[in-house]
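Engineer: Have a look at the structure that comes next, please.
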Amino acid sequence: MTRTLLVALLALGAASPTLATEADIAAGEEIYQGVCRNCHGPKAQGVASYPRLSDKDVDYLTERLERYREGEKIGPNSMLMIPHARELSDADILNIVSYITTEFE
Ligand code: HEC
């Protein structure tokens, strides 16, 4: 019974449209503009071989960051990305992804 309720609440939370407002977008901006922009550009538009992020969705960006954090090689230049992802907590990832997906087009 309790377990069913918990699962239901988790499912509700995952689907909740208020997720982005619960994230700390300002904190995400601080990390993005402090670190990530050096490669991905001030508007996450991508620079040369550094991929554009602003056209990707929340699920995609979150999944990629979690995989890089694990140390997984995805593309040919993953070794540039993995050390930065390793620094991130779950909250950092939520905040950064919320920032990227709300601030840029
Ligand atoms: C030293 C340059 C560099 C920095 C700094 C950097 N990245 Fe990256 N990032 C890359 C490269 C290069 C790739 C592509 C890696 C590959 O080939 O797998 C990448 C890939 C990504 C991807 C996957 C993009 C896709 O299209 O699949 C995401 C998401 C990402 N970075 C987010 C971030 C975030 C968030 C930060 C800041 C915490 C950050 N990056 C900092 C170089 C960088």
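Engineer: Any idea how many residues of the stretch 50-105 are open to solvent by 30 Å² or more (accessible area, probe 1.4 Å), of a type in the set (Gly, Ala, Ser) and either within 10 Å of the ligand (Cβ to nearest atom) or assigned to a helix (DSSP H, G or I) (or both)?
Structural biologist: 2
Engineer: Do you know which of the residues in the stretch 11-22 that are under 17 Å from residue 91 (Cβ atoms) and open to solvent by 90 Å² or more (accessible area, probe 1.4 Å) is modelled with the lowest pLDDT?
Structural biologist: Residues of the stretch 11-22 under 17 Å from residue 91 (Cβ atoms): 13-14, 16, 18-22.
From what is left, the residues that are open to solvent by 90 Å² or more (accessible area, probe 1.4 Å) are 21-22.
Values: 21: 50, 22: 81.
Among those residues, the one meeting the criterion is 21.
Engineer: Quick check, is residue 90 of a type outside the set (Ser, Thr, Tyr) and touching a residue at least 24 places away in the same chain (Cβ under 8 Å)? Working first, answer last.
Structural biologist: Numbers: of a type outside the set (Ser, Thr, Tyr): yes; touching a residue at least 24 places away in the same chain (Cβ under 8 Å): no.
The answer is no for residue 90.
Engineer: Same structure, new question: Quick check on the stretch 23-49: of everything there that is closer than 19 Å to residue 78 by Cα and open to solvent by less than 40 Å² (accessible area, probe 1.4 Å), which residue is nearest to the ligand (Cβ to nearest atom)?
Structural biologist: Residues of the stretch 23-49 that are closer than 19 Å to residue 78 by Cα, as a first pass: 32, 35-41, 44-49.
Subset that is open to solvent by less than 40 Å² (accessible area, probe 1.4 Å): 32, 36, 40-41, 44, 46.
Numbers: 32: 6, 36: 3, 40: 6, 41: 10, 44: 8, 46: 8 Å.
Among those residues, the one meeting the criterion is 36.
The values are calculated or read from the model by the stated rules, or taken from the named source; none is laboratory data. Given the structure is predicted, the values throughout are model-derived calculations rather than measurements. Neighbour counts are summed over all protein chains in view; Cβ atoms, including those assigned to glycine, are modelled from backbone coordinates with ideal geometry. Side chains are part of the model used for accessible areas, which takes the heavy atoms of the whole protein and leaves out ligands, DNA and RNA. Shrake-Rupley method; radii C 1.70, N 1.55, O 1.52, S 1.80 Å.
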